[in-house]
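Each remark here refers to the structure printed beneath this line.
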Amino acid sequence: MLIDFSIKNYASIKDKMTLSAETGEHLSRLKGSNTLIENHISLLKSLVIIGPNGSGKSSLIDGLHLMKSMVLNNPTRITDQLRYRPFILSEGSQDNAIGFQIKFNYSGNTYEYSFTFLQDKIVTEELKLIKKTTEQIYFSRQDQDYPILPDNLKTIALNTKQNSLLLYNAQQANDPQAIAVMRWFQDDLIFVDDTQIPDQLVNLMKRQDIKSEFLRFLQFADFNITDVTVREVPVPTFPDDLRKILDIINPNAEIPTSSQQLSAVHKKFNQTGDVVGTQEIPLSMESRGTQKVFLIALSIINAQLNGNGKTLLFDEFDDSLHFELSKALIQIFNSKQNKNQFILTTHELQLLDANLRTDQIYLMEKDFQGRSDLKSIFDFKDPKEKRHDIRYMRRYIEGRFGALPQIQVDEMLSALNAPGSEVK
């Protein structure tokens with residue numbers, strides 16, 4: 001699972017910012033349910049990041065997503081540009097490197113991997129192997145120089161382009177440490193995107209035992225869905241002009257002729273309210289809330305089936321979900337039987353009181369210079385602010401933690417008046 005992630009000079013994030021999933025020192029509240037021990041490290045099962053619109057919550061998640069994408073995808077040409085998106089509201093920052101650093105557990109080991117980059121090159125890169133009390137730098141890079149490098153990677157380093165990560169080339173050469181890092185990014189760091197349910201999750205509904213449990217979940221979540229179906233549906237044919245373009249780009253590309261459609265089955269009633277049958281409704285035609293619950297539940301099931309120990313990220317977690325359902329899902333994330341980790345961003349203030357520890361709650365805000373700032377309630381120095389017997393939501397609304405949008409309703413109404421239409 002994720003131990004911590006640091007990011008610098010990306011989007012609205014100027015200074016180094018760290019999201020930590022390690023438990024706070026001397027904090028024992030909800031230890032049995034909301035935390036677990038992995039590789040001798042005490043970790044939180046869930047983190048909730050709250051803040052107003054534009055505070056930078058999505059920038060934090062996007063930065064981690066970009067790190068994953070860069071790790072898993074190697075530029076094919078030396079001229080390929082990297083996805084360089086620095087903080088631009090400060091002189092000089094738009095010319096500085098973006099930095100990512102991540103620490104995680106995988107297969108009984110702890111790794112720390114970091115790199116910085118500009119638009120055309122990797123500036124620094126480093127991989128550490130961490131034991132209980134020691135750290136070993138496995139390789140270290142400064143531009144195209146490698147101060148620390150194992151013998152088996154020396155030839156690989158010479159053949160690594162300035163805009164490529166050594167990690168990618170090392171795993172291609174079957175280096176075991178690089179392979180472990182790549183597998184964690186590929187298999188254990190999961191971004192739950194609510195735009196479409198991937199086939200991997202849809203296929204779970206082809207197993208009757210899993211589908212039965214999924215339907216029970218929907219029933220207890222108060223959804224009136226009696227069954228789900230998976231059907232192959234034809235894909236609209238490509239126009240001839242588009243086919244010619246695809247053939248030029250990739251002559252061997254196979255154009256799909258069908259796709260899998262996941263549907264919810266509902267009871268069908270006559271005019272007097274009697275059940276007369278069932279009706280399938282494609283999930284794409286269901287409400288956004290229903291689609292999101294399907295995606296969340298299937299993602300949880302998939303993580304459990306694939307060995308647990310996964311880190312799942314949900315941006316705008318509460319979007320389209322009823323508060324009671326969001327609260328219930330967080331309770332599931334923090335249950336004793338859960339062996340995965342969940343990181344959420346949300347606007348829902350009431351979730352601050354969803355039986356969370358202070359070290360699980362992060363607040364994000366943006367200052368007058370447009371810089372995003374992230375802080376945990378656990379880190380507030382005043383011990384009164386960390387008391388769990390005082391409701392966090394009330395203190396947040398009072399501005400005790402910051403991260404509260406400064407909204408002026410009267411001025412907003414005034415700004416909406418068209419010229420010459422002022423209310424008299």
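Close Cβ contacts (under 8 Å, 6 or more residues apart or on different chains) running from residues in the stretch 30-44 that are under 19 Å from Ile130 (Cβ atoms) to residues that are among the β-branched types (Val, Ile, Thr) and assigned to a loop (DSSP other than H, G, I, E, B) comprise Ser42/Thr23; Leu43/Thr23; Leu44/Thr23. Within the stretch 39-61, if we keep just the residues that are of a type outside the set (Gly, Ala, Ser) and surrounded by fewer than 19 Cβ atoms within 10 Å (Cβ to Cβ), the residue that is farthest from the chain's Cα centre (by Cα) turns out to be His40.
Whenever a residue of the stretch 65-89 is assigned to a helix (DSSP H, G or I), its partners that are exposed (fewer than 14 other Cβ atoms within 10 Å of the Cβ), lying with C-beta atoms within less than 8 angstrom and at least six residues away or across chains, give the pairs Leu66/Arg83; Ser69/Arg83; Met70/Arg83; Leu72/Gln186. Within the stretch 211-267, being open to solvent by less than 100 Å² (accessible area, probe 1.4 Å), assigned to a helix (DSSP H, G or I) and more than 23 Å from Ile332 (Cβ to Cβ) holds for Leu242, Arg243, Ile245, Leu246, Asp247. Within the stretch 162-192, the set of residues being surrounded by 19 or more Cβ atoms within 10 Å (Cβ to Cβ), in a helix (DSSP H, G or I) and charged (D, E, K, R) comprises just one member, Asp188. Return yes or no: is Leu30 open to solvent by 10 Å² or more (accessible area, probe 1.4 Å), at pLDDT 90 or above and hydrophobic (A, V, I, L, M, F, W, C)? Yes: the conditions hold for Leu30.
Taking the criterion of being charged (D, E, K, R), at pLDDT below 95 and open to solvent by 40 Å² or more (accessible area, probe 1.4 Å), would at least one residue in the stretch 135-147 satisfy it? Yes. Checked against (1) within 29 Å of Asp187 (Cβ to Cβ); (2) more than 32 Å from the chain's Cα centre (by Cα), Leu204 passes all but condition (2).
In the stretch 91-110 there is at least one residue that is in a loop (DSSP other than H, G, I, E, B), more than 18 Å from Arg141 (Cβ to Cβ), open to solvent by less than 40 Å² (accessible area, probe 1.4 Å) and at pLDDT below 95. Is it true that Lys132 is in contact with a Lys or Arg (Cβ under 7 Å, 6 or more places away or on another chain), open to solvent by 40 Å² or more (accessible area, probe 1.4 Å) and charged (D, E, K, R)? Considered against the rule, which asks whether it is in contact with a Lys or Arg (Cβ under 7 Å, 6 or more places away or on another chain), open to solvent by 40 Å² or more (accessible area, probe 1.4 Å) and charged (D, E, K, R), Lys132 comes out as no. Taken together, Tyr146, Tyr113 contain a single residue that is part of a strand (DSSP E or B) and more than 29 Å from the chain's Cα centre (by Cα), which is Tyr146.
Within the stretch 1-23, can you find the residues that are within 30 Å of Phe368 (Cβ to Cβ) and either over 21 Å from the mean Cα position of the chain (by Cα) or surrounded by fewer than 16 Cβ atoms within 10 Å (Cβ to Cβ) (or both)? Within the stretch 1-23, Asp4, Asp15, Lys16, Thr18 qualify.
Residue-wise test of (1) under 30 Å from Leu64 (Cβ atoms); (2) out of contact with any Asp or Glu (no Cβ under 7 Å at 6 or more places or on another chain).
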position	(1), (2)
Leu153	yes, no
Leu158	no, yes
Lys161	yes, yes
Arg216	no, yes
Asp222	no, yes
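Filtering the stretch 276-291 to residues that are part of a loop (DSSP other than H, G, I, E, B) and open to solvent by 50 Å² or more (accessible area, probe 1.4 Å) leaves only Ser287. With the structure loaded, tell me whether Thr195 is at pLDDT below 95, in a loop (DSSP other than H, G, I, E, B), on the phi < 0 side of the Ramachandran plot and out of contact with any strand residue (DSSP E or B) (no Cβ under 8 Å at 6 or more places or on another chain) or whether it fails that test. Spelling it out, Thr195 is indeed at pLDDT below 95, in a loop (DSSP other than H, G, I, E, B), on the phi < 0 side of the Ramachandran plot and out of contact with any strand residue (DSSP E or B) (no Cβ under 8 Å at 6 or more places or on another chain). The strands (runs of 3 or more DSSP E) found wholly in the stretch 292-379 and carrying at least 3 residues that are surrounded by 16 or more Cβ atoms within 10 Å (Cβ to Cβ) and among the β-branched types (Val, Ile, Thr) occupy 341-346. Looking only at residues in the stretch 262-283 that are touching a residue at least 12 places away in the same chain (Cβ under 8 Å) and polar (S, T, N, Q), the one that is farthest from Pro234 (Cα to Cα) is Thr278.
The values are calculated or read from the model by the stated rules, or taken from the named source; none is laboratory data. These figures come from a predicted structure and were not determined experimentally. Quick reminder, even Gly has a Cβ in these numbers, built from the backbone with ideal geometry, and neighbours come from all protein chains shown. Please note that ligands, DNA and RNA were not included when accessible areas were found on the heavy atoms of the full protein model with its side chains. Shrake-Rupley method; radii C 1.70, N 1.55, O 1.52, S 1.80 Å.
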